[in-house]
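Enquirer: So that we are looking at the same thing, I have put the structure below in structure tokens.
The values are calculated or read from the model by the stated rules, or taken from the named source; none is laboratory data. Keep in mind it's a predicted model, so treat the numbers as computed, not measured. Positions of Cβ are backbone-derived with ideal geometry, glycine not excepted, and every protein chain shown enters the neighbour counts.
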Amino acid sequence: MLTKKSIDDFAVFGGEASFDQPLHVGRPNIGSKERLLQRINEVVDRRWLTNSGPCVEEFEQQLRQLLGVGHCDSMCNATDGLQLAMRAMKMHGEVIVPAFTFIATAHAVQWLGFTPVFCDVDPRTHAIDPARVEELITPRTTGILGVHLWGQPCDIEALAAIASRHGLKLLFDAAHAFNCSWRGRMIGNFGDAEVFSFHATKVFNTFEGGALATNNAELAWRVRRMRNFGFAGLDQTDALGTNAKMSEASAAMGLTNLESLQDFIETNQRNYHAYRRGIEGIPGVRMLEYDASEKCNYQYIVLEVEESEAVLSRDSLQEILWAENVLARRYFYPGCHRMQPYASTMPDIGSRLPVTERLARRVLVLPTGTAVSVEQIEMICGILRFAVSHGGDIAQRLGGLRAVPQWAGRI
Ligand code: T4K
């Protein structure tokens, strides 16, 4: 129950915070601690800690089954998985990526010495806009790297058609899309390959980790070798490789969390509906809706704030929430193109990325997952509703707070 009666009660103005502990976006979901510790015990007893041990083998087999895909190879994280995929697919030159994504997508391309070419996104889904992709293709383009942002599949059909028309490779960054589907088929089966993240903050985690899924046997074979320094036998490498292997401890976490995956998703779904009820009708605040006819992990609660209607900006709402101990995040502000090294090498690119620029100003992501209860969500929504209903006064006071010089309290 929201106890705030006037705007003086907001923590940002000196009132008591609504939560005594911080609520994080991306608090890890963790399955049975007993099962995990039992598995770790077995790992230690076996003295087989990494390099395709039995936990990794079993984990990969379960992933293949869950996704209905031919090959699914674990990785130490998704960033390395993306790099391995691009190298194994023989991409080079320019790779088209959305500008509105986590920076890892762009950095993976740049790290390989290729050029990420930033593409604008669809204002409705926030995913790479196929209509814009085609305009960016040059003779140097070798691939498209789409991102299933927030777990919503890209326009896979349109991207596949463009890739095939221009002879380009098609890779998907599926970091957010584990256990999601497109037209009834699991993500992991599309493009030349798809890469998942199992980072601690994802719906399903292996501490750090990821996986590359593909139905291309030859590509999978190349990736598996590259993942282990390029070894083709005990004493020989047959190509340049790196170390992108998952450890047995991470796979033990993966096996344990797979047993609870459906519980995590049900909790996320419950939270999503609680947020929908709580956000509905707040002027200027819109929540991203997932397609109920597809499998979805509901891991991200994504708001868009229209300042002219809410009277408060997204940043003001974030400031209010943080003071209340709700650590809402401005993912993916300010857009990859405005982060280094890209901001220096392509300083004027923002003008052709209007949707990215707009979303980077408007999007706010709220806490969910097994660490957040429905009561807490109702409280968060209550804070937002109360703040927006006093938007004018709050904006004025926040403006006043910022106008006070740093030294003012000290004299
Ligand atoms: N592609 C996309 C589209 C991605 O979103 C990501 C990763 C990648 C590729 C690359 O995947 P990996 O190589 O990581 O497998 C976090 C994650 O570090 C990052 O993995 C994730 N995307 C991104 C969306 O979120 P930050 O910079 O926001 O992390 P941080 O440290 O601020 O943590 C977020 C919140 O989670 C904090 O409030 C604290 C909380 N937290 C975090 C950790 C690690 C916990 O409560 N416990 C924890 O153990 O990037």
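Enquirer: With respect to Glu294, is the statement that it is of a type in the set (Asp, Glu), within 18 Å of Ile383 (Cβ to Cβ) and in contact (Cβ under 8 Å) with a residue 12 or more places away in the chain true?
Expert: So Glu294 fails the test.
Enquirer: What tally of residues in the range 146-189 results from selecting those that are within 16 Å of the ligand (Cβ to nearest atom), part of a loop (DSSP other than H, G, I, E, B) and over 25 Å from Ile30 (Cβ atoms)?
Expert: The number of residues fulfilling the criteria is 3.
Enquirer: State all residues of the range 34-57 that are under 16 Å from Asn205 (Cα atoms), more than 16 Å from the ligand (Cβ to nearest atom) and touching a helix residue (DSSP H, G or I) at 6+ places or on another chain (Cβ under 6 Å); if no residue qualifies, say none.
Expert: Across the range 34-57, the qualifying residues are Arg35, Arg39, Ile40, Cys55, Val56.
Enquirer: I've got another one for you. Just name the residue that is surrounded by the most Cβ atoms within 10 Å (Cβ to Cβ) out of those in the range 257-279 that are touching a helix residue (DSSP H, G or I) at 6+ places or on another chain (Cβ under 9 Å) and charged (D, E, K, R).
Expert: Ranking the qualifying residues of the range 257-279, first place goes to Arg270.
Enquirer: Can you tell me which residue among Ala200, Ala175, Ala220 is out of contact with any Leu (no Cβ under 7 Å at 6 or more places or on another chain) and either under 25 Å from Leu136 (Cβ atoms) or at pLDDT below 95 (or both)?
Expert: Every option except Ala175 fails the conditions.
Enquirer: Still on this model: I'd like to verify a number: residues in the range 294-311 that are over 21 Å from the mean Cα position of the chain (by Cα) and either within 15 Å of the ligand (Cβ to nearest atom) or over 21 Å from Pro123 (Cα atoms) (or both), how many?
Expert: 1
Enquirer: Would you be able to tell me the number of residues in the range 203-216 that are assigned to a loop (DSSP other than H, G, I, E, B), crowded, with 24+ Cβ neighbours inside 10 Å, within 10 Å of the ligand (Cβ to nearest atom) and not polar (S, T, N, Q)?
Expert: So the answer is 1.
Every residue, every condition in (1) under 20 Å from the mean Cα position of the chain (by Cα); (2) closer than 19 Å to Gly188 by Cβ, yes or no:
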{"residue": "Gly68", "(1), (2)": "no, yes"}
{"residue": "Asn77", "(1), (2)": "yes, yes"}
{"residue": "Met91", "(1), (2)": "no, no"}
{"residue": "Ala104", "(1), (2)": "yes, yes"}
{"residue": "Trp111", "(1), (2)": "yes, no"}
{"residue": "Pro116", "(1), (2)": "yes, no"}
{"residue": "Gly143", "(1), (2)": "no, yes"}
{"residue": "Leu149", "(1), (2)": "yes, yes"}
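Enquirer: Listed residues Val311, Val302; which is of a type in the set (Val, Ile, Thr), farther than 25 Å from Arg270 by Cβ and in contact (Cβ under 8 Å) with a residue 60 or more places away in the chain?
Expert: The match here is Val311.
Enquirer: Restricting attention to the range 1-31, and to residues there that are of a type in the set (S, T, N, Q) and in contact with a helix residue (DSSP H, G or I) (Cβ under 6 Å, 6 or more places away or on another chain), which single residue is nearest to Ile380 (Cα to Cα)?
Expert: Looking at residues that are of a type in the set (S, T, N, Q) and in contact with a helix residue (DSSP H, G or I) (Cβ under 6 Å, 6 or more places away or on another chain), I get Ser18.
Enquirer: I'd like the full set of residues that are farther than 16 Å from Ser52 by Cα and either within 16 Å of the ligand (Cβ to nearest atom) or among the small types (Gly, Ala, Ser) (or both), limited to the range 217-240.
Expert: Selection gives Ala217, Ala239.
Enquirer: So, one more: Please enumerate the residues belonging to the range 10-27 that are surrounded by fewer than 19 Cβ atoms within 10 Å (Cβ to Cβ) and under 29 Å from the mean Cα position of the chain (by Cα).
Expert: Ala17, Phe19, Asp20, Gln21, Pro22, His24, Arg27
Enquirer: Only one of Gly31, Gly81 is modelled with pLDDT of 95 or more, within 16 Å of the ligand (Cβ to nearest atom) and under 19 Å from the mean Cα position of the chain (by Cα). Can you tell me which?
Expert: Criteria check complete, one pass: Gly81.
Enquirer: Look through the range 328-354, keep the residues that are within 15 Å of the ligand (Cβ to nearest atom) and touching a residue at least 40 places away in the same chain (Cβ under 8 Å), and return whichever of them is surrounded by the most Cβ atoms within 10 Å (Cβ to Cβ).
Expert: Gly335
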